[in-house]
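**Student:** Here it is, the structure, as structure tokens.
The values are calculated or read from the model by the stated rules, or taken from the named source; none is laboratory data. Every value quoted in this text rests on a predicted model; they were computed, and no experiment measured them. Every residue, glycine as well, gets a Cβ built from its backbone with ideal geometry; the counts of neighbours run over all protein chains shown.
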Amino acid sequence: MRLIILAIFTSIGSYAQTSFSISGSIGSEGESLPFASVYLENTTTGTTTNTDGLYTLNNISPGNYTLVASFTGHTTVKKNILIEDKNITVNFTLESGESLDEVVITGTLKAVSRLESPVPVEIYTSAFFKKNPTSNIFEALQNVNGVRPQLNCNICNTGDIHINGLEGPYTLVLIDGMPIVSGLSTVYGLSGIPNSLIEQVEIVKGPASSLYGSGAVGGLINIITKLPENAPIFFAESNINTWGEWNLDAGFKTKVGKKATLLFGTNYFKYDNPIDNNHDNFTDVTLQDRISIFQKWNFKRNHNRKFSLAGRYFYEDRWGGEINWNKSYRGGDEVYAESIYTSRYELIGEYQLPIVENITFQFSYSDHDQNSVYGNTPYLAQQRIGFGQFIWDKQIKNHDFLIGTAIRYNYYNDNTTATINADEVTIPSLFIQDEIDFDEKQSLLLGLRYDYDERHGNIFTPRLAYRFKPTESDIIRLNAGTGFRVVNLFTEEHAALTGARDVVIKEELKPEQSYNVTLNYLKKLYAKNGMLFTFDTSAWYTYFINAIIPDYDTNPNQIIYSNLDGYSTSKGISLSVDATFGSGISASIGATWQDVSQIKNGIQSQQILTESYSGVWSFSYKNYPTNLTLDYTGNLYGPMRLPLLGDLDPREEYSPVWSIQNIQLTYDGITNFEFYGGVKNILDWTPNQGNPFIIARANDPFDENVQFDPNGNVIPTPDNPYALTFDPSYVYGPNQGIRFFFGVRYKLR
């Protein structure tokens, strides 16, 4: 009996010695760091320090490990450890400063610290977009302060991106710094950029024409894709929701030979479930079937010189319309729908010349083919954009010069009356930028760009940016500059192709010009108790001449284009606060107030489809013991003036205050996997609430029973008491109610 008891205790003792513990402290600058993160790399074992900066990891099997300690605002430290036959103690001392030094490219066309950049640049990483997962970058930007994805059609759900209240055509969208997303792709191609390939998104608010030319009048969005060497070996993500939308991202990286690395990615999105919750016999959400294939090559060269190539192909088949539509009705006048086939490919490259001077050649090409019908109105269009530029980066004493020459080729042709002959133009450009460092606290950037457009002659766009950095974590920036924009109506004004409105161009349109001044203050505040706050506030004023703003009001049956006989302005204030509390809690909140209006004959009017105020917020909580993360995101928009069809139109002239809010729960307790699910639009808000209808004359989409007087005005009849024509342009928010979603991510590193 004694032998049995002794054997039992001996086995228990032997078992107890097969697992051990790791304990220690984490501190910085002589102070302990509460709620710092510590974990064993490539395992699910981890914890956070207590209020005294102490931690313990239990049940560790013998072996070799990498122990990682991290804390917001500090460098991450890794230590290799060996567990043999006893408990061990590992202490960490972290250095502050890591998150205070984000690198940005967009503001000055060169990689600089965010706090050193004279141009204010906002950064959004892939972690930001995971808080509210979407299938494309267009929807993902809905929680960025001062940025609003705007739907322009209730039927086909095409849209553009507003920055500080300015219409989508004033926003230039770049991919890896190349201006290939413009014209047709701004309207139809934004939904084809998969989020899984995005490293970060940089946003500049205000004119950037001195570096990027036409289109960067209101601001720009630079979508920076992952470097192959930073990507996982293999990654995949799939999600589905209760509306039947299904999204798949997948890709891999591999070495090709000794000097090349390839990143391959693909995105597939499918939605084929017609839903009509507002009972107007039209689809509430456009049906879509799209695929995007992406490749990016990086080549190793002597002296670490750059050489990269990237390509993307995008195809989409989308339609929205009457519920009983099918492709046999395409282009006919029996059943109404808007059917759009998009085929597009892009090529992007960067090559640093093999010489002593730092000279880089950047180039891009895109080909966009559009085959569309809007009811029985066909819209067939092709656009080709070629772009190339040489950039010479040269530093002489305290002057950092950037000198460049660029050429842009644009071909556009469609079957509308506005394009009798193909629009083909080549625009050469020269630009120079000098950033002068006076001392560690002050710098001044001076820039000038010259473009020659054979349609409009010589165009000069200067800019000035002053940076004052009183402390290591404070920066004040004053930016001033001009912008210009050349307009292509039919790629920008989607309402010109839908409904019964006629397009009227009153004169030969001149290019728009803008004059802007922006004051920005950025403050990073680090507290010893583990909290980090980032305050970012801006005030801006922009003055436009020759503004081209579609006139919906003069005649409800027309869209009238002309250069504004007067001027327009955009002014406002924005404030963002990001906070990390160190206990697994982080939050952000942003608010923007803006006034975008036109002054004509001394009368001021608010710009249509522009909110006067907006707000965004997010809240995240990571519970380390359960490996669960809770994300709550939302936005709120103030009233905006909407396009009515006349005095009898019963719909509201101004939208109500509205909000889209989402909640998500993520579990990452299994190596290489993440599982997430939640609810989108938890308030179940849709724009038809409070309105008798959204689409005008949805029961008569071909206006067969509409009567007109000799002047072309609609006559009220018993069948049409409000004197309306078919029109889907009364749209200001997504028409998709509450839905549940579930997804899974896998990464192999």
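**Student:** Only one of (1) surrounded by 16 or more Cβ atoms within 10 Å (Cβ to Cβ); (2) at pLDDT 95 or above is not met by Tyr365, so which one is it?
**Tutor:** In the conditions (1) surrounded by 16 or more Cβ atoms within 10 Å (Cβ to Cβ); (2) at pLDDT 95 or above, Tyr365 misses (2) alone.
**Student:** I'd like to verify a number: residues in segment 296-333 that are at pLDDT below 95, over 26 Å from Asn267 (Cβ atoms) and acidic (Asp, Glu), how many?
**Tutor:** So the count comes out to 1.
**Student:** So, in segment 728-749, of the ones that are crowded, with 19+ Cβ neighbours inside 10 Å and among the hydroxyl-bearing types (Ser, Thr, Tyr), which residue ends up farthest from Glu322 (Cα to Cα)?
**Tutor:** Ranking the candidates gives Tyr732 first.
**Student:** Of the numbered conditions (1) buried (at least 19 other Cβ atoms within 10 Å of the Cβ); (2) under 30 Å from Ala140 (Cβ atoms), Arg697 fails exactly one; give the number of that condition.
**Tutor:** Going through the list (1) buried (at least 19 other Cβ atoms within 10 Å of the Cβ); (2) under 30 Å from Ala140 (Cβ atoms), Arg697 breaks only (2).
**Student:** Identify all residues within segment 136-156 that are surrounded by fewer than 24 Cβ atoms within 10 Å (Cβ to Cβ), closer than 17 Å to Ile340 by Cβ and touching a residue at least 60 places away in the same chain (Cβ under 8 Å); write none if there are none.
**Tutor:** Scanning segment 136-156 gives Asn136, Leu151, Asn152, Cys153.
**Student:** OK, next. Quick check on segment 307-326: of everything there that is buried (at least 20 other Cβ atoms within 10 Å of the Cβ) and hydrophobic (A, V, I, L, M, F, W, C), which residue is farthest from the chain's Cα centre (by Cα)?
**Tutor:** Filtering segment 307-326 for residues that are buried (at least 20 other Cβ atoms within 10 Å of the Cβ) and hydrophobic (A, V, I, L, M, F, W, C), the one farthest from the chain's Cα centre (by Cα) comes out as Trp325.
Residue-by-condition table, conditions (1) modelled with pLDDT of 85 or more; (2) under 32 Å from the mean Cα position of the chain (by Cα); (3) under 30 Å from Gly320 (Cβ atoms); (4) outside the structural domain of His279 (by TED's automatic domain parsing):
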{"residue": "Ala69", "(1), (2), (3), (4)": "yes, yes, no, yes"}
{"residue": "Thr75", "(1), (2), (3), (4)": "no, yes, no, yes"}
{"residue": "Asn80", "(1), (2), (3), (4)": "yes, no, no, yes"}
{"residue": "Val103", "(1), (2), (3), (4)": "no, yes, no, yes"}
{"residue": "Thr106", "(1), (2), (3), (4)": "no, yes, no, yes"}
{"residue": "Arg114", "(1), (2), (3), (4)": "no, yes, no, yes"}
{"residue": "Pro133", "(1), (2), (3), (4)": "yes, yes, yes, yes"}
{"residue": "Asn136", "(1), (2), (3), (4)": "no, yes, yes, yes"}
{"residue": "Gln142", "(1), (2), (3), (4)": "yes, yes, yes, yes"}
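**Student:** With the condition kept exactly as written, say whether any residue in segment 419-436 is farther than 23 Å from Gly213 by Cβ, of a type outside the set (Ser, Thr, Tyr) and at pLDDT 90 or above.
**Tutor:** Yes, segment 419-436 contains at least one residue that is farther than 23 Å from Gly213 by Cβ, of a type outside the set (Ser, Thr, Tyr) and at pLDDT 90 or above.
**Student:** Right, another one. Which of the residues belonging to segment 223-238 are in a helix (DSSP H, G or I) and either among the aliphatic types (A, V, I, L, M) or at pLDDT 90 or above (or both)?
**Tutor:** Within segment 223-238, none qualify.
**Student:** Do any residues in segment 392-418 that are farther than 30 Å from Ser372 by Cβ have Cβ atoms under 7 Å from those of residues that are aliphatic (A, V, I, L, M) and not in a strand (DSSP E or B), where the two are at least six apart or on different chains, and which pairs are they?
**Tutor:** Cβ pairs passing all conditions: Leu402/Leu109.
**Student:** When you scan segment 504-620 for strands (runs of 3 or more DSSP E) that lie fully inside it, which ones turn up with 2 or more residues that are closer than 23 Å to Leu464 by Cβ and in contact (Cβ under 8 Å) with a residue 12 or more places away in the chain?
**Tutor:** 512-526, 532-545, 566-580
**Student:** Restricting attention to segment 522-544, which residues are under 24 Å from the mean Cα position of the chain (by Cα), under 23 Å from Leu166 (Cβ atoms), of a type outside the set (S, T, N, Q) and surrounded by 17 or more Cβ atoms within 10 Å (Cβ to Cβ)?
**Tutor:** Leu522, Asp536, Trp540, listed by residue number.
**Student:** Output the residues belonging to segment 335-362 that are surrounded by fewer than 16 Cβ atoms within 10 Å (Cβ to Cβ), of a type in the set (A, V, I, L, M, F, W, C) and assigned to a strand (DSSP E or B).
**Tutor:** Hit for segment 335-362 is Phe361, nothing else.
**Student:** Given the criterion assigned to a loop (DSSP other than H, G, I, E, B), buried (at least 17 other Cβ atoms within 10 Å of the Cβ) and of a type in the set (Ser, Thr, Tyr), identify the matching residue among Thr671, Thr666, Thr725.
**Tutor:** Going through Thr671, Thr666, Thr725 in turn, the sole match is Thr725.
**Student:** Select from segment 144-173 the residues that are modelled with pLDDT of 85 or more, over 17 Å from Ile660 (Cβ atoms) and among the aliphatic types (A, V, I, L, M) and list them in ascending order.
**Tutor:** The answer is Ile155, Ile163.
**Student:** Conditions: (1) surrounded by fewer than 16 Cβ atoms within 10 Å (Cβ to Cβ); (2) in contact (Cβ under 8 Å) with a residue 24 or more places away in the chain; (3) charged (D, E, K, R). Lys255 meets all but one. Number of the miss?
**Tutor:** (2) is the only condition that Lys255 fails.
**Student:** Okay, next question. Residue check, Thr377 against (1) surrounded by fewer than 18 Cβ atoms within 10 Å (Cβ to Cβ); (2) farther than 28 Å from Arg455 by Cα; (3) without any contact (Cβ under 8 Å) to a residue 60 or more places away in the chain, all met but one. Which one?
**Tutor:** Evaluating Thr377 over (1) surrounded by fewer than 18 Cβ atoms within 10 Å (Cβ to Cβ); (2) farther than 28 Å from Arg455 by Cα; (3) without any contact (Cβ under 8 Å) to a residue 60 or more places away in the chain leaves (3) as the failure.
**Student:** Moving on. Step by step: first the residues of segment 637-663, then only those that are part of a loop (DSSP other than H, G, I, E, B) and either hydroxyl-bearing (Ser, Thr, Tyr) or at positive phi (or both), then the one that is surrounded by the fewest Cβ atoms within 10 Å (Cβ to Cβ). Which residue is that?
**Tutor:** Looking at residues that are part of a loop (DSSP other than H, G, I, E, B) and either hydroxyl-bearing (Ser, Thr, Tyr) or at positive phi (or both), I get Gly646.
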